[in-house]
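Student: Sending over a structure as structure tokens; questions will come in a sec.
Computed from the coordinates by the stated procedures, all read-outs in this text should not be read as laboratory data. This one's a predicted model, so the numbers in the text were calculated from it and none came from an experiment.
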Amino acid sequence: MEQLLNGLRSFIVQKNIHLSIHGHAYLGRSVLLRFLLFSAVWFVLTGSDTASWIIGLPAVFLAIGISHVISPYPSAPLSFIGVCSFLPFFIRQSALSGIDVMRRALCRQLAVNPGLVSYTTFLPEGSARIFFVNTISLLPGTLSADLQEDRVTVHTIDKNLAIWANMQNLELRIAILWRVKLHKREAL
Amino acid sequence: MMTLLDNVGMLCIFMGLPFFLTGTVGLLRFPDIYTRLHALTKADNVGLGLITLGLSLQADNLFIVAKLILIWILVLIASSASCHLVARSAIQKNIHPWVK
Amino acid sequence: MSYLHTSCAFIILCAIAAGMIRILQGPTAADRMMAAQLFGTCGVAILLLLAKGLDTIVLLDIAMVFALFAALASITFVRRAWHEQTGASR
């Protein structure tokens, strides 16, 4: 068990090194992607007013600079198939979580049985893991309460829910979305 | 003049309202910080999602739709991040979760 | 002007008003802060509905600023206010 864990971890570390060796190609692409993203945001904010780009263009470049300072590792772009499968999953799950909370809040006797669960994630440090932690809070019955390295403390509203399975499912989907591999998951 | 799209949009908005109300009910009824956070983040986000969906269906042009979606995403990120921060500092302050 | 939208906004306002009870009760500062967070999300929803109901598109921009401030407020609260307090009133 311990060995397998270590093997997996070193695999992920190697994968990260691999990414940074080929960083230059990714860097150009990530600058372009961020440029498109921030321009789109500015476009939505200001509407069709062309004169606004006098401020907009410098603002976009400033945003690219700041975002590279904050998260300098250019990551591979999200996988398209991943996004397509994640969005419906996410919308469905968050709708379910709203209904779940509604049911529990309106139940005459409070239908809560809360507890804390600790979960070790296999996602590499960085945006994928942060995304994971933030998404947990929007899924039914779970709320990420703490993150120490790769240990996520999850607060659950009902200990009888299949939290472990839900988290693994979410983790796998995020791995696909972020193009990270989670080998040998089943062997554990 | 109400078209079909307008009506469906209105329906979505009406469906969103109960989520806001139960979010508040949960905030008042649930026993501790963590469970209240559950009520707050989840119910309100679904409510806001339905309202943005409804308003998008009624919007006059795609600009407004894009802006509505941007606002919704912004609120999603903000609420899940602040929910995590509050829960985290509650744990660090050794506030134990309520147990049945 | 659409009365349907404005009355929906009013219902959400009622949800905020009820949330005020949590501000009064506490017991911890975080509980009060959560009511303020409720204010953030509900406030955005109200502004969106009013933007449609009163035909004032500008309210959408205000809603966006509201969303940003709600996030800033709770981050500042956690980082500053809550950590400096001790014992009695936590």
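Student: For region A:54-61, just list the computed ³J(HN,Hα) in residue order, Karplus coefficients 6.51, -1.76 and 1.60, θ = phi - 60°, integers in Hz, with x standing in for Gly and Pro.
Tutor: 4, 8, x, 5, x, 5, 5, 5
Student: Could you give me the ³J(HN,Hα) list for region A:122-132, computed from phi with Karplus coefficients 6.51, -1.76, 1.60 and θ = phi - 60°, whole Hz, x at Gly and Pro?
Tutor: Residue by residue, region A:122-132 yields 9, 6, x, 4, x, 4, 4, 5, 4, 4, 4 Hz.
Student: Report, by chain and number, residues whose modeled amide H sits under 5 Å from the one on A:Lys159, excluding near sequence neighbours (fewer than 5 apart, same chain).
Tutor: A:Asn113
Student: Here's a follow-up. Just for the Cα atoms in chain C, what are the lengths along the principal axes, largest first, rounded to whole Å?
Tutor: 51, 24, 9
Student: Based on the alpha-carbon gyration tensor of region B:4-92 and its eigenvalue square roots a ≥ b ≥ c, which shape applies: rounded if a/c is under 1.5, prolate if not and a/b is larger than b/c, or oblate?
Tutor: On the way: a/c = 6.13, a/b = 1.82, b/c = 3.37.
Cα axes put region B:4-92 in the oblate bin.
Student: Beyond a 21 Å Cα-Cα separation, which of these cross-linked pairs lie in this structure: B:Lys42/B:Lys93; B:Lys42/C:Lys52; A:Lys159/B:Lys100? Let's see the in-between values first.
Tutor: On the way: B:Lys42/B:Lys93 24 Å; B:Lys42/C:Lys52 25 Å; A:Lys159/B:Lys100 10 Å.
Where the Cα-Cα span goes over 21 Å, the pairs concerned are B:Lys42/B:Lys93; B:Lys42/C:Lys52.
Student: Here is a follow-up. Most fluctuating residue of C:Phe39, C:Phe66, C:Phe77 in a GNM of chain C with Cα springs under 10 Å: which is it?
Tutor: Largest GNM mean-square fluctuation: C:Phe77.
Student: If amide H atoms are built 1.01 Å from N in the plane of the peptide, which residues on other chains or at least 5 residues away come under 5 Å of the amide H of A:Arg179?
Tutor: Residues meeting the criterion, in which the H sits 1.01 Å from N, are A:Ser79.
Student: Check A:Asp146: other-chain or 5+ apart residues with amide H under 5 Å from its amide H, H built from backbone geometry?
Tutor: Answer set, sorted by chain and number: A:Thr153.
Student: When a/c reaches 1.5 or more, the comparison of a/b and b/c decides; with that in mind, is region A:106-182 rounded, prolate or oblate per its Cα gyration tensor?
Tutor: Details: a/c = 2.53, a/b = 2.06, b/c = 1.23.
Note, shape of region A:106-182 comes out prolate.
Student: Residue by residue through region C:59-72, what is 3J(HN,Hα) from phi via Karplus (6.51 cos²θ - 1.76 cosθ + 1.60, θ = phi - 60°)? Round to whole Hz and write x for glycine and proline.
Tutor: Per residue, the Karplus-derived 3J(HN,Hα) values read 4, 4, 5, 5, 4, 5, 4, 4, 4, 5, 5, 4, 5, 4 Hz.
Student: Moving on to the next point. Any idea what log10 I(q)/I(0) is at q = 0.06, 0.08, 0.11 Å⁻¹ for the protein assembly as shown, Debye with uniform C-alpha scatterers and no solvent?
Tutor: -0.24, -0.44, -0.84
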